[in-house]
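The values are calculated or read from the model by the stated rules, or taken from the named source; none is laboratory data. Since the model is a prediction, treat every value here as computed from it, not as a measurement. Note that each Cβ is placed from the backbone with ideal geometry, even for glycine, and that neighbours are counted across all protein chains shown. Heavy atoms of the whole protein, side chains included, go into the accessibility calculation; ligands, DNA and RNA do not. Shrake-Rupley method; radii C 1.70, N 1.55, O 1.52, S 1.80 Å.
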Amino acid sequence: MSATIIDGFTIAASTRARVAEQVSSLKKSGVDPCLAVVLVGDNPASVSYVSGKAKALQEVGMIDRSIHLPADTSEDELLTLVQDLNADKTVHGILVQLPLPSHINEQLIIVAIDPAKDVDGFHPVNLGNMLIERECFLPCTPHGVLVLLRETGVQTVGAHAVIVGRSNIVGKPLSILLARRDCNATVTVCHTKTRDLGAMTRQADILIAAAGSPRMITADMIKPGATVIDVGVNRVSDATAKKGYRLVGDVDFEPACAVAGAITPVPRGVGPMTIAMLMENTLVAAERSMR
Ligand code: NDP
């Protein structure tokens, strides 16, 4: 068996194209959607994510208010910036790139962002509204995973979804979303204290790997025919690669393809969807600013 490759790159491109059309009509109503992306320091992965976001903003025709601060920016300085962006009516979305340097309390910064501009969907107000199925901004990666499943025609109703990882930005929100009445999956969440991980993952009709551990999901951990969504993005050294490293997922991709029914690659799987959903959230924030 050879798994169908779920092409996140193409699905994300069509999402961005739809967003671009809506941005253009919003501009005719006098609203110019704008996202402020705040980067503190020079973490290489963060620099690369921020440049991916800048490229997407340009493509969909939104204003990119990128702010790059030095690594020694104080917590107070960052809080003041967030408050200024909250008050700025020309800014519709605010994204503070994580992780922040260790002297800054991330939760304090996330909570300081106006929930109406929290296009990352990490503010407790948005997470709470997600839980009780009220209007909110969904976190971009979990939302992107749902769109991938929907666009690929994967049946979630009654399916057993097993998620490896319980972070606040991926595993936990995804578990809530998949269990909601609009997906109706039965969800198991695994983590480092899970006993016999393979016994859990082998039950999955939909297996979602979000652990941040290169190739930890091996072919023998996958139920034949399962849909496998690999959220992991891990840099592994590779002397033959131009940059000296390459990106691999949490799934041991080639052997997994022989067992899974459908699978996302890394790169060109979940990653582009995350950015596409960020564009969509920013568009929605701009539309809501007209209310
Ligand atoms: P975190 O490190 O915050 O969380 C990882 C989770 O995985 C934890 O809950 C941890 O368990 C669990 N875990 C780690 N190793 C194992 C293991 N061996 N067995 C079982 N559970 C394990 O990571 P994130 O959620 O932030 O990110 C996960 C991955 O997804 C990373 O590779 C990251 O780069 C990638 N990512 C990709 C995005 C995209 O757009 N494609 C967006 C965001 C993240 P415990 O809680 O017990 O420690």
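When a/c reaches 1.5 or more, the comparison of a/b and b/c decides; with that in mind, is the stretch 139-291 rounded, prolate or oblate per its Cα gyration tensor? Verdict is oblate for the stretch 139-291.
The local environment of G61, defined by Cβ-Cβ distances under 13 Å, has a net charge of +1 under the rule Lys, Arg +1 and Asp, Glu -1. Summarising the amide proton neighbourhood of V96: residues at separation of 5 or more, or on other chains, whose placed amide H is nearer than 5 Å comprise V38. With the Cα gyration tensor of the stretch 55-137 giving a ≥ b ≥ c as the square roots of its eigenvalues, does the rule (a/c under 1.5 for rounded; else a/b larger than b/c for prolate; else oblate) give rounded, prolate or oblate? Because a/c hits 1.5 or more and a/b fails to exceed b/c, the stretch 55-137 counts as oblate.
Which shape class applies to the stretch 216-291: rounded if a/c is under 1.5, otherwise prolate when a/b exceeds b/c and oblate if not, where a ≥ b ≥ c are the square roots of the Cα gyration tensor eigenvalues? Oblate shape, in that a/c is at least 1.5 and b/c is the bigger or equal ratio.
Ligands, DNA and RNA aside, D252 has an accessible area near 40 Å² when probed at 1.4 Å.
The H on the amide N of L69, modeled in the peptide plane, is under 5 Å from the matching H of L39, V40, G41, each at least 5 residues off or on a different chain. P(r) tail, the chain: Cα-Cα pairs separated by more than 32 Å, 26% of all pairs. Centre-to-centre, using Cα atoms only, the stretch 31-90 and the stretch 150-169 are separated by 30 Å.
Positive contributions from Lys and Arg (+1) and negative ones from Asp and Glu (-1), summed over other residues with Cβ under 9 Å from the Cβ of T264, come out at -1.
A simple charge model with +1 on the Cβ of Lys and Arg, -1 on the Cβ of Asp and Glu and nothing else charged puts the dipole of the stretch 13-102 at about 640 debye relative to its Cα centre. Within a straight-line Cα-Cα reach of under 29 Å, K117 can be paired with the following lysines, leaving aside sequence neighbours fewer than 8 residues apart in one chain: K27, K28, K53, K55, K89, K172.
In order along the stretch 56-63, the phi-based Karplus estimate (6.51 cos²θ - 1.76 cosθ + 1.60, θ = phi - 60°) of 3J(HN,Hα) comes to 5, 4, 4, 4, 8, x, 9, 6 Hz; Gly and Pro are listed as x. Across the stretch 1-116, the relative contact order, built from alpha-carbon pairs under 8 Å that are at least six residues apart, equals 30 percent.
Here the dipole of the stretch 131-194 is about 240 debye; that uses its Cα centre as origin and unit charges on the Cβ of Lys and Arg (positive) and Asp and Glu (negative).
Accessible-area rank, largest first, for M290, M221: M290, M221, with all protein chains present and a 1.4 angstrom probe. Once the 1.4 Å probe is applied to the protein heavy atoms, the stretch 142-239 comes out at 45 Å² accessible per residue. Note: relative contact order over the chain, using C-alpha pairs below 8 Å and six or more positions apart, is 23 percent.
Karplus-derived 3J(HN,Hα) values for the stretch 74-89, using 6.51 cos²θ - 1.76 cosθ + 1.60 with θ = phi - 60°, are 7, 4, 4, 5, 5, 4, 5, 4, 4, 5, 5, 5, 4, 7, 7, 5 Hz; glycine and proline are entered as x.
Projected label points at A54 and A219, each 7 Å from Cα along the beta carbon direction, are separated by 4.2 nanometres.
Largest GNM mean-square fluctuation among P99, P224, P265, using the chain with Cα springs under 10 Å: P99. Computed from phi, the 3J(HN,Hα) profile of the stretch 134-142 under the Karplus parametrisation 6.51, -1.76, 1.60 (θ = phi - 60°) reads 9, 4, 6, 9, 7, x, 5, 5, x Hz, with x in place of Gly and Pro. The sum of -39500 (n - 2.57) across all DSSP H runs of n ≥ 4, divided by the residue count of the chain, sets its helix-only mean residue ellipticity at 222 nm to -12500 deg cm²/dmol.
Order the peptides 4-12, 111-119, 126-134 from the highest to the lowest mean number of other Cβ atoms within 10 Å of their residues.
111-119, 4-12, 126-134
In the stretch 175-291, a dipole from Cβ-located charges (positive for Lys and Arg, negative for Asp and Glu) runs towards its positive end, and of S289, P267, Q203 it is S289 whose Cα lies farthest in that direction.
Once you list every other residue whose beta carbon is under 15 Å from the beta carbon of A17, what net charge do they have if Lys and Arg are +1 and Asp and Glu are -1?
For residues surrounding A17, the net value is -2.
Multiply the residue separation of A241 and N86 by 0.36 nm, subtract the distance between their alpha-carbon atoms, and state the gained length in nm to one decimal. The span from A241 to N86 would gain 51.6 nm if fully extended. Only protein heavy atoms count here; under a 1.4 Å probe, V47 has an accessible surface of about 60 Å². If the label point is 7 Å along Cα→Cβ of L131, which residues in the stretch 144-177 have backbone nitrogen under 17 Å from it? Hits in the stretch 144-177 for L131 at 17 Å: 166-177.
Per residue, the average separation of C-alpha pairs within less than 8 Å and at least 6 apart gives the stretch 86-151 a relative contact order of 24 percent.
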